[in-house]
Amino acid sequence: MIGFLLLATAARGADAPAVAVSGGWARATLPHQDEAAAYLTLRSPGGDTLTAIDSPDAGMVMLHQSTQRNGVASMQDMDSLALPAGQPVALAPGGTHLMLMDMKHGLKAGETLRLSLHFTKAGTVSVAVPVLPVGATGPAP
Ligand SMILES: [Cu+2]
């Protein structure tokens, strides 16, 4: 019983498994555009949930899901994003993405965008992702 209690405490503390973030990028903005999109791949060894995102470069960051219905593209807000244990979850153009609203400045190719991702178990993970040109569809392989 004591062993179980120690384990339960450790799982919520600094030893909680981190979420690996890879392949992140953001798309450069056009002049006067105050929204931007960012993409990345998340992988949690034990399973986790992405619940919120913020950035010092944006007023608000939302999780969006792009959908196509009858040939019309739209975006829906998502409250959270579940990460199944050990499975990479890719955010990519045409699917789930991070939507940065009220950008405090434009994004130019070659710069970096700072993001803080908040997870239920892993806590906050901060990353800086490269900004790619306006027409980019992803990082070069
Ligand atoms: Cu969006």
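The values are calculated or read from the model by the stated rules, or taken from the named source; none is laboratory data. Only a predicted model underlies this, so the values are computations on that prediction, with no experimental measurement involved. So basically every Cβ, Gly included, is an ideal-geometry build from the backbone, and we count neighbours across all protein chains shown. Note: areas computed on protein heavy atoms with side chains; ligands, DNA, RNA excluded. Shrake-Rupley method; radii C 1.70, N 1.55, O 1.52, S 1.80 Å.
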Result of the Cβ filter at 7 Å on the range 62-76, keeping first residues that are assigned to a strand (DSSP E or B) and among the hydrophobic types (A, V, I, L, M, F, W, C) and partners that are modelled with pLDDT under 95 and surrounded by 10 or more Cβ atoms within 10 Å (Cβ to Cβ), at least 6 apart or interchain, is Ala73/Ser66; Met75/Ser66
Go through the residues of the range 61-71 one by one and say whether even a single one is open to solvent by 70 Å² or more (accessible area, probe 1.4 Å) and closer than 18 Å to Val131 by Cα.
-> no
Counted residues in the range 90-118 being within 16 Å of the ligand (Cβ to nearest atom) and basic (Lys, Arg) come to 0
Of the residues in the range 90-125, those that are closer than 16 Å to Ser44 by Cβ and not aliphatic (A, V, I, L, M) come to Thr96, His118, Phe119, Thr120, Lys121, Gly123, Thr124
A careful count of residues in the range 33-52 that are open to solvent by 40 Å² or more (accessible area, probe 1.4 Å), in a loop (DSSP other than H, G, I, E, B), away from the ligand (no atom under 16 Å from the Cβ) and touching a residue at least 60 places away in the same chain (Cβ under 8 Å) gives 1
Q) Among the residues of the range 78-89, is there at least one that is in contact with a Ser or Thr (Cβ under 9 Å, 6 or more places away or on another chain), within 13 Å of the ligand (Cβ to nearest atom), closer than 20 Å to Gly47 by Cα and open to solvent by less than 60 Å² (accessible area, probe 1.4 Å)? A) yes
Across (1) under 15 Å from Val127 (Cβ atoms); (2) hydroxyl-bearing (Ser, Thr, Tyr); (3) away from the ligand (no atom under 16 Å from the Cβ), Ser55 clears everything bar (3)
Here the residues within the range 104-115 that are open to solvent by 20 Å² or more (accessible area, probe 1.4 Å) and either among the acidic types (Asp, Glu) or touching a residue at least 40 places away in the same chain (Cβ under 8 Å) (or both) are Lys104, His105, Gly106, Lys108, Ala109, Glu111, Arg114
